[in-house]
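Scroll down for the structure; my scribbles are underneath it.
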Amino acid sequence: MPTDSGVDRARLSQLAARERALFADRHPRSAAAYAGAGHLFGRVPMTWMNKTAGGFPVYVATAQGARVTDIDGHSYVDFCLGDTGAMAGHSPEPVVSAVTRRLAELGGASTMLPTEDASAVGAELAARFGLPYWSFALTATDANRWAIRLLRAVSGRPKILFNSYCYHGSVDESLIVVGPDGNGLSRDGNVGAPTDVTTTSRVAEFNDLAGLERQLAHGDVAAVLMEPALTNIGIVLPTPGYLAGVRDLTRKYGTYLINDETHTFSAGPGGATAAWGLSPDVLTIGKAIGGGIPVGAYGLSAELADSLLGRGDLDLVDMGGVGGTLAGNPVSMAATRATLTEVLTADAFATMISTATAFAGGIRKLIETHNLPWSVSQLGARVEYRFADPAPLNGTDSAASADAELEDFLHLYLANRGILLTPFHNMALMSPVTTLDDVERHHTVFADALAELLA
Ligand code: PMP
């Protein structure tokens with residue numbers, strides 16, 4: 001029976017079972033490693049690694065450029081790229097050199113003293129994103145947490161507004177969705193929420209300015225924390241005028257605007273903020289800018305930095321709730337400097353985006369050939385297809401178009417033939433060293449998968 005995704009479910013289940021058996025057959029060492037990890041909670045270093053279509057994860061042996069090899073000796077073209085953490089490619093030489101030099105010279109993260117690399121990174125981030133003052137974390141989650149605290153402090157308002165089905169890391173306040181009655185609701189599966197999320201947060205659908213205004217009009221929202229395009233529920237692109245409308249409304253209601261560019265950085269060297277001429281008060285980012293080494297960062301407007309530093313009642317030095325011992329450490333600063341100045345350069349972005357355009361074009365053509373009700377969205381170097389046409393305009397609609405069984409089948413079919421996508425959705429990211437041949441290889445396998453599925 002064809003469904004909304006346009007595929008026959010019985011055929012899908014049959015092929016998925018075949019691919020799971022093939023996966024088990026091809027990965028005996030990974031299976032044994034998983035079986036032997038009994039002292040890990042959920043058998044994995046972090047429980048999300050159990051999000052795998054094959055029943056157990058592939059164990060990685062090496063990762064270089066856009067290639068990963070596993071401990072069973074298989075090689076993959078990696079379009080997952082650590083869900084953006086490796087957008088610079090794996091083990092880029094300038095980062096490896098900078099990091100190994102720093103480790104040898106000063107032992108990593110243990111001195112509690114600043115290095116000059118951090119100033120250079122601050123200047124580079126300021127030039128790219130337009131915000132003059134920067135501070136560091138080790139994850140994008142923490143950058144978001146600390147940005148939220150600073151904006152609650154400076155505004156004296158209690159709430160943060162999010163888009164439904166956003167993801168900004170494990171930030172308590174962000175686990176809110178628009179419920180069926182239009183009001184905020186805790187996101188399904190929210191683990192051990194410290195308090196009812198509606199006491200800390202408000203929520204609006206992406207691309208819905210009227211809904212946003214209704215929420216901001218309460219006058220209690222310190223900041224809107226958003227991605228300029230949603231990237232964690234498929235890619236949901238902004239409709240014309242939406243982002244300008246968000247900026248106008250946040251100004252009208254005295255609410256600060258935070259752009260989380262952790263994923264939308266794929267839009268260009270200055271992320272969507274520079275590519276689309278946006279002017280947030282705060283910008284948060286992490287993952288890719290460290291070239292594989294943990295880092296998070298947030299940039300502040302001059303007005304905000306002045307207000308915050310002038311507030312004697314805020315403990316920004318010791319235990320006031322903003323900061324971490326290893327944040328801004330010499331190794332992550334050296335890695336970030338090398339990544340930004342030598343790897344994820346403007347030239348590299350031009351290549352990545354043109355590779356992604358080829359990727360998106362090829363997928364579109366296959367979808368058209370098979371007359372599938374699917375759509376493709378591109379955000380610079382990032383491409384994603386969704387089982388809905390036209391592409392959904394907000395998080396709730398995009399969530400409704402998910403098809404976990406179909407997604408798992410495609411991921412597994414590709415993985416069994418040497419192609420990795422991000423396990424969470426159908427995202428493919430291009431690194432500076434991803435080639436058109438890599439794209440072609442993906443499309444050949446993807447075409448075979450569709451031909452078998454739709455036969
Ligand atoms: N912001 C966005 C937009 C993200 O997609 C993510 C993670 N995927 C984060 C923040 C959190 O990043 P991390 O898990 O590295 O803290």
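Points to keep in mind about this one:
- Some residue of the stretch 223-231 being of a type in the set (Asp, Glu) and within 16 Å of the ligand (Cβ to nearest atom): yes
- Candidates Gly380, Gly296, Gly324 - the one that is within 21 Å of Pro238 (Cβ to Cβ) and either within 23 Å of the chain's Cα centre (by Cα) or buried (at least 24 other Cβ atoms within 10 Å of the Cβ) (or both): Gly380
- Residue within the stretch 55-71 that is among the polar types (S, T, N, Q), assigned to a helix (DSSP H, G or I) and out of contact with any Phe, Trp or Tyr (no Cβ under 7 Å at 6 or more places or on another chain) present: no
- Condition check for Thr198: within 16 Å of the ligand (Cβ to nearest atom), within 30 Å of Thr239 (Cβ to Cβ) and not in a strand (DSSP E or B): no
- Filtered by the rule that a residue be outside any helix (DSSP H, G or I), aliphatic (A, V, I, L, M) and surrounded by 22 or more Cβ atoms within 10 Å (Cβ to Cβ), the stretch 78-125 gives Ala86, Met87, Ala88.
- Checked against the criterion of being at pLDDT below 95 and charged (D, E, K, R), the candidates Asp281, Asp318, Asp313 yield just one match: Asp318.
- With respect to being surrounded by 19 or more Cβ atoms within 10 Å (Cβ to Cβ), modelled with pLDDT of 95 or more and away from the ligand (no atom under 16 Å from the Cβ), Leu175 falls outside the description.
- Residue satisfying all of: in the stretch 129-145; under 15 Å from Leu308 (Cβ atoms) and surrounded by fewer than 22 Cβ atoms within 10 Å (Cβ to Cβ); farthest from the ligand (Cβ to nearest atom) among these: Pro132
- Thr357 hydroxyl-bearing (Ser, Thr, Tyr) and in contact (Cβ under 8 Å) with a residue 60 or more places away in the chain: no
- Options Arg128, Arg152, Arg157: the member that is under 21 Å from the mean Cα position of the chain (by Cα), within 24 Å of Val246 (Cα to Cα), assigned by TED's automatic domain parsing to the domain that holds Glu303 and not in a strand (DSSP E or B): Arg128
- Residue count for the stretch 233-273 under the criterion of being under 18 Å from the mean Cα position of the chain (by Cα), away from the ligand (no atom under 13 Å from the Cβ) and of a type in the set (A, V, I, L, M, F, W, C): the result is 1.
The values are calculated or read from the model by the stated rules, or taken from the named source; none is laboratory data. Computed from a predicted model, the values in this text were never measured in an experiment. Positions of Cβ are backbone-derived with ideal geometry, glycine not excepted, and every protein chain shown enters the neighbour counts.
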